[in-house]
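The values are calculated or read from the model by the stated rules, or taken from the named source; none is laboratory data. Predicted model only: the values in this text are computed from it and were never measured. For neighbour counting, all protein chains shown are included, and Cβ atoms are generated from backbone atoms with ideal geometry for every residue, glycine included. In case anyone asks, the SASA skips ligands and DNA or RNA and just uses the protein heavy atoms, side chains included. Shrake-Rupley method; radii C 1.70, N 1.55, O 1.52, S 1.80 Å.
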Amino acid sequence: MTTPIDRPLWRLLPYMASRPLVLTLVIVSGLIHYGLVTALPAMTAYLLGGLFTGTAGETAHAQMAVVVAVLVSGAAQWWQTQIGHDWAYRLMKVLRLRILDGIERATPGRLLGMRTGELADIAKNDVSATELFFAHTAGDYVGAVAVSIGALAAVAVINVPSAAVMAVMMLLVAAVPVVPAKRAGEQGRALRAAAGTVAADTVDVVQGLRELALARRDREAVNRVLAATRQLHGQHRRYARRAGLESIVSELLLGLGLIGLVAVAGAQLAAGSLEARWLPVLVVLGTSALAPIATVSATARTLGDVRAAAARVLTIIEYPPHVRAPDASTPVVEALPQVTFDKVRFGYPVGSGEVLRTVSFEVGAGESVALVGRSGAGKTTCVNLLLRFWDVAGGAVAIGGVDVRDVSTRDLRRAVSVVPQDVYLFHDTVAANIRLGRPDATDAEVEAAARLAGVHEFVTALPLGYDTVCGERGVSLSGGQRQRVAIARALLTDAPVLVLDEAVSSLDTDAERALHDGLRAARGTRTTLIIAHRVSTIRRADRVVLLDGGVVVATGTHDELVASSETYRSLIATETS
């Protein structure tokens with residue numbers, strides 16, 4: 001269970017401060033923009049006041065200032081928009097990268113309790129929602145507050161009672177979004193949760209469309225998405241009603257403020273405490289000074305949604321590592337290391353008892369070992385521990401004599417290459433999918449790995465050869481073809497340790513034979529751990545390690561175990577029956 005993120009918008013401030021020069025420019029641009037938005041109407045009103053009172057001749061410098069201010073105002077608005085949004089999008093890119101780091105730290109041991117569609121919604125839409133905070137807070141809030149206070153001070157110099165009216169109205173307008181802030185936060189969280197549900201349900205339907213159709217449950221799944229969409233629509237309506245009510249209150253306060261300002265200034269004029277030419281300046285300056293506060297207030301009305309989005313983003317970014325990073329990484333220096341499991345114990349957090357109990361075996365340097373056992377014996381768990389998806393509860397897993405807990409994740413990924421049973425190919429070319437682990441590999445190196453994996457023959461028969469697009473999740477290829485591409489990808493990395501986790505399960509007999517011929521040609525160049533059920537695959541390994549009940553019950557060649565182990569003979573008989 002993750003800890004709720006407290007004050008998420010404050011937690012975004014370090015990202016804003018990470019580029020102090022840009023932050024300073026954003027604030028300066030906001031000051032100039034709001035300063036001119038306030039000053040320009042006041043200067044114009046001063047000119048009109050002079051015209052009406054017969055003192056226009058004294059305003060020649062003011063006329064020139066108005067012309068300059070108009071030109072500078074347009075440039076300042078453009079600059080403020082450009083620099084603010086450019087800065088915001090750069091920060092959003094940082095957030096998305098940090099989200100990917102957070103997901104990597106959390107998986108595959110655990111996935112934050114979120115579905116794939118919800119995670120995608122956070123990375124895309126929730127991060128996009130923070131643009132409002134990044135682009136419209138630093139410059140807007142500082143500029144609005146500073147300029148409004150400056151305008152209030154200018155009004156106080158001209159007429160103190162008018163300034164008092166302005167001060168009261170500014171406080172009231174600024175307080176409008178503060179009063180329902182708790183309610184806005186609750187609505188924002190509900191809105192973001194509903195949006196995540198819609199995204200997750202939609203992804204489920206798209207990815208599982210074939211299975212849903214075969215089970216005749218496609219209409220039911222679509223109805224579930226529609227129901228979630230209606231829930232989201234309802235959350236949007238509630239959020240909009242509250243924001244709309246706040247907007248109405250703000251507009252009423254602005255209107256009352258203007259009426260109050262005119263009344264007080266008119267009374268001061270009638271009493272002789274105010275010169276006539278300053279009346280339009282007070283009215284316009286008061287209205288202009290309230291405008292930035294009103295703009296900030298309008299932005300604040302949407303912060304409930306932004307706050308909820310930021311909390312969801314930061315939940316992933318600040319997620320604690322699933323396994324502890326070593327204080328100082330010890331590299332795997334052996335070119336062809338051995339893999340050792342030494343009295344390994346492990347049990348999953350959710351489950352009963354230990355999956356592995358004092359498991360010990362070794363895969364020698366350059367050796368090929370098949371790890372076999374019934375379903376649930378702990379074979380894939382051994383792979384997970386080798387890759388540090390989980391940490392052992394007791395004992396140790398080592399590569400080249402180095403405990404994997406002392407190796408950084410990056411170095412461990414360089415040392416071990418895995419071909420899982422459930423292969424994922426990207427919507428890219430065959431060559432690009434093979435190159436995933438080595439983007440700088442030459443065409444000749446790609447082809448060599450493809451030949452070892454038995455890929456080259458079927459790829460060259462494709463319309464565009466290695467430039468053929470595999471489709472999302474490799475949909476344009478058969479299951480066996482996808483697995484061979486994944487095997488070629490693993491072989492291309494030149495990782496000294498290769499793990500094949502049921503990697504031949506979708507291959508036909510000829511394809512499996514071609515793969516093993518390729519691996520035989522590369523024998524001795526990798527330390528290979530094979531998890532398999534097929535006897536044809538097991539018998540090709542140098543040795544076989546038999547797991548049963550969480551312990552190693554036998555080890556030897558295929559023929560030796562057939563002769564000596566009743567458990568192994570029973571397993572083989574089950575697989576061949």
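Considering (1) assigned to a helix (DSSP H, G or I); (2) modelled with pLDDT of 75 or more; (3) open to solvent by 80 Å² or more (accessible area, probe 1.4 Å), say which one ASP6 fails and leave the rest.
So ASP6 meets the others, but not (1).
Evaluate segment 342-356: report whether one residue or more is among the aliphatic types (A, V, I, L, M), free of Cβ contacts under 8 Å to residues at least 12 places away in the same chain and part of a loop (DSSP other than H, G, I, E, B).
Yes; the residues of segment 342-356 include at least one that is among the aliphatic types (A, V, I, L, M), free of Cβ contacts under 8 Å to residues at least 12 places away in the same chain and part of a loop (DSSP other than H, G, I, E, B).
Answer yes or no as to whether ALA228 is crowded, with 19+ Cβ neighbours inside 10 Å, of a type outside the set (Asp, Glu) and assigned to a helix (DSSP H, G or I).
Yes.
Just to be sure before I move on: is ALA308 over 28 Å from GLY35 (Cα atoms) and either free of Cβ contacts under 8 Å to residues at least 60 places away in the same chain or surrounded by 15 or more Cβ atoms within 10 Å (Cβ to Cβ) (or both) in the structure I sent?
Yes.
Can you name the condition, by its number, that TYR319 falls short on among (1) of a type in the set (Ser, Thr, Tyr); (2) open to solvent by less than 40 Å² (accessible area, probe 1.4 Å); (3) part of a helix (DSSP H, G or I)?
Every condition holds for TYR319 apart from (3).
Could you check ARG543 against (1) open to solvent by 20 Å² or more (accessible area, probe 1.4 Å); (2) over 30 Å from GLY353 (Cβ atoms); (3) at pLDDT 85 or above and say which number it fails?
(2)
When you scan segment 395-415, how many residues do you find that are open to solvent by 10 Å² or more (accessible area, probe 1.4 Å) and of a type outside the set (Ser, Thr, Tyr)?
13
What are the residues in segment 453-466 that are outside any loop (DSSP other than H, G, I, E, B) and either surrounded by 13 or more Cβ atoms within 10 Å (Cβ to Cβ) or of a type in the set (Ser, Thr, Tyr) (or both), if any?
Hits for segment 453-466 are HIS456, PHE458, VAL459, THR460, GLY465, TYR466.
Regarding VAL313, is this residue at pLDDT 90 or above and open to solvent by less than 50 Å² (accessible area, probe 1.4 Å)?
It is false that VAL313 is at pLDDT 90 or above and open to solvent by less than 50 Å² (accessible area, probe 1.4 Å).
Here is a yes/no grid of residues against (1) within 31 Å of the chain's Cα centre (by Cα); (2) open to solvent by 20 Å² or more (accessible area, probe 1.4 Å); (3) under 24 Å from MET16 (Cα atoms):
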{"residue": "ASN125", "(1), (2), (3)": "yes, yes, yes"}
{"residue": "THR130", "(1), (2), (3)": "yes, no, yes"}
{"residue": "VAL160", "(1), (2), (3)": "no, yes, no"}
{"residue": "MET166", "(1), (2), (3)": "no, no, no"}
